[in-house]
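Bear in mind that the values in this text are calculations on the coordinates, not laboratory data. Note that the structure is predicted; figures quoted are calculated from it, not measured. Glycine gets a Cβ as well: all are built from the backbone with ideal geometry, and neighbour counts include every protein chain shown.
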Amino acid sequence: MTVLPTEVLMQRAESRPESTAFVFQEDVWTYQRCAQESESVARGLAAHGVKAGDRVVLHMTNRPEMLIAYYACFRLGAVAAPLRTAFRFAELAPMLQRLQPALYIGESSLYPNVAAVDAAILPREKRVILDETDAHGVQSWEALKQSGHADLPIPASNEPAVLINTSGSTGQPKFVTHTQDTLAAGTHLLSKHFGFSADDVIVSPLQLAHGSGLFCSLSFVRSGAPFIMLPSADPDLVLDNIERFRATWLLGFPNQYAGMLEAQQAKPRDVSSLRVCLTGADACPVDLQKRFTEVLKAPLYNVWGATEVAGQLSFGLQPGPVIRLTEDAQIRLVDEEGTDVAHGEIGELLIRGKNVFVGYWNDPTATAQNLKNGWYHTGDLMRRGEGDELWFVSRKKDIIIRGGTNISPTEVEEALVACHPAVVEAGAVGKPDPVLGQRVFAFIKLAAGAKEDVVSEILQNVAGRLAPYKVPEGLRVIDALPRNALSKVDRRALERMIGEVESAGPRPDPAPSRASGERPARRVAT
């Protein structure tokens, strides 16, 4: 039986009132404090006219008020709508117009990005700023907490509870809709399959404005595991907190782990307490996993999740883009016709369960395209491995099709990073070609001090790791790979960059191979 997030918090407050829920910048938040604060904020929301179903915009970096505001919205039945902190006015204004919020709660450092929003969309009396009183002529967080006294209704658990917007890298951002029921199911599965416990201490730089940060934080509370909420993913900040609090778990993204590896080598910290490190969002390069594990003496494992669903799949137990099926996993791998593929063949991952989102808010077309007969079509291509293993191949939309043969950009990126010590990161995309449809084009970030004249050596080395048709036919050195708000490599940005500058080290066309024939690419080649 799943328990709603607000019920979980109340149970913790009753059974372990003085136990630590989380720590933020020296400030210890107990379960009792979290429950009392969220109740006060919920009553304040009601006093400001917020009703069940109304949208409450949350516009903050990681801080206690963000998590408290989520619980307050759940308690009242309002719909929490977090905004990404990286977005600017041009992105935020249309989102606010779509949301028509009953209240905006933000912090002063981010408020300038919405201050000019039309008062018809966001009246000034509906704006609350956390850390500056009267600085912007709007209401304060403290006043909001102290304004409510009315009894609160019991909200429906199957109605929208949170709208988490996508990164927007492929057009207008969509709002992924979760209910308290789907959140309860997802956090139950995360707690069950990841194995967090009250004996653990978890360091989490994951942003609460993103699905990963919200889902994990709710699962920490459910597990009774205290966590260290970090305001940012600064590598030194993360490592210092691991050492100080003797953390046992660490969560993050591949580029964050790369930064931590460099920072630890520059200034070693005692991180011997670490037992498990998890990385998501993007497939983590195998070389990074191995080097991180060697230096920090803690395994770095891949985990899969999406804003639309999380919890049914657990982290892998070996290097590589591998995850594990659990007994609760309801999945299919299908080809372009929707037919289940044979074991070991590559297909799109479909997943269903009580933890799957209920749709994209006010977007029936997108919902119908991605949610069919209860199955969420993830867009991720995977294949079954040995036992309970599931191997990630690529995003379906990112597959490079060269002469009718499908190429996984992840495989190319892995080979580039592994083939030469000067390669820190790599991103591969398809470059349009009038004859073959696409050719492989790659971008790399070099280690500090490395010279660009190593490009020819890199291409020579990678040719020994990949079939000829997979070897990049253009390679460009850049300072950093572009990333979206979820820290994923922004492949659309890389595609746009191809035409800006000629590649640093072009390679002659490889000899024709049987893979570059004219057969149709109905199914991804293994």
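Descriptive notes on the structure:
- Sequence ranges 451-459, 183-191, ranked by mean other-Cβ count within 10 angstrom, highest first: 183-191, 451-459
- Under the convention that each Lys and Arg Cβ holds +1 and each Asp and Glu Cβ holds -1, the size of the dipole of the range 300-459 around its Cα centre is about 300 debye.
- Compared with the alpha-carbon gap, the fully stretched path from ARG465 to HIS149 is longer by 107.0 nm at 0.36 nm per residue.
- Seen against the Cα atoms of the chain and their longest principal axis, helix 409-419 is set at about 70 degrees.
- Percentage relative contact order, the chain, counting C-alpha pairs under 8 Å, at least six apart: 10
- Mean sequence separation of contacting Cα pairs (under 8 Å, at least six apart), scaled by the length of the range 200-268, corresponds to a relative contact order of 42 percent.
- Close amide H contacts of THR307 (hydrogens built in the peptide plane, cut-off under 5 Å, sequence separation of 5 or more or a different chain): none are found.
- Dipole of the chain computed with +1 at Lys/Arg Cβ and -1 at Asp/Glu Cβ about the Cα centre; of ILE407, PHE227, ALA21, farthest Cα towards the positive end is ILE407.
- Spatial separation of Cα centroids for the range 270-344 and the range 175-229, in angstrom: 17
- Cα centroid separation, the range 441-496 to the range 405-420: 9 Å.
- Using alpha-carbon coordinates, inclination of helix 31-47 to the longest axis of the chain, degrees: 70
- Dipole of the chain, positive direction: furthest Cα of GLY106, GLN318, VAL57, with charges on the beta-carbon: GLN318
- The modelled label-to-label distance between SER15 and ASP433, using points 7 Å beyond Cα along the C-beta direction, is 6.0 nm.
- In a simple Cβ point-charge model (Lys, Arg +1; Asp, Glu -1; nothing else charged), the range 370-490 has a dipole of about 440 debye relative to its Cα centre.
- For the range 233-396, the relative contact order comes to 15 percent (Cα pairs under 8 Å, sequence separation of at least 6).
- For the listed peptides 144-151, 204-211, a ranking on the average number of other beta carbons within 10 Å per residue, highest first, reads 204-211, 144-151.
- Relative packing of peptides 354-360, 319-325 - highest average C-beta neighbours within 10 Å first: 354-360, 319-325
- Built amide H within the under 5 Å cut-off of ASN62, gap 5+: LEU208
- Whole-Hz ³J(HN,Hα) from phi, Karplus 6.51 cos²θ - 1.76 cosθ + 1.60, for the range 345-358, glycine and proline x: 8, 9, x, 6, 6, 10, 9, 9, x, 5, 8, 6, 4, 9
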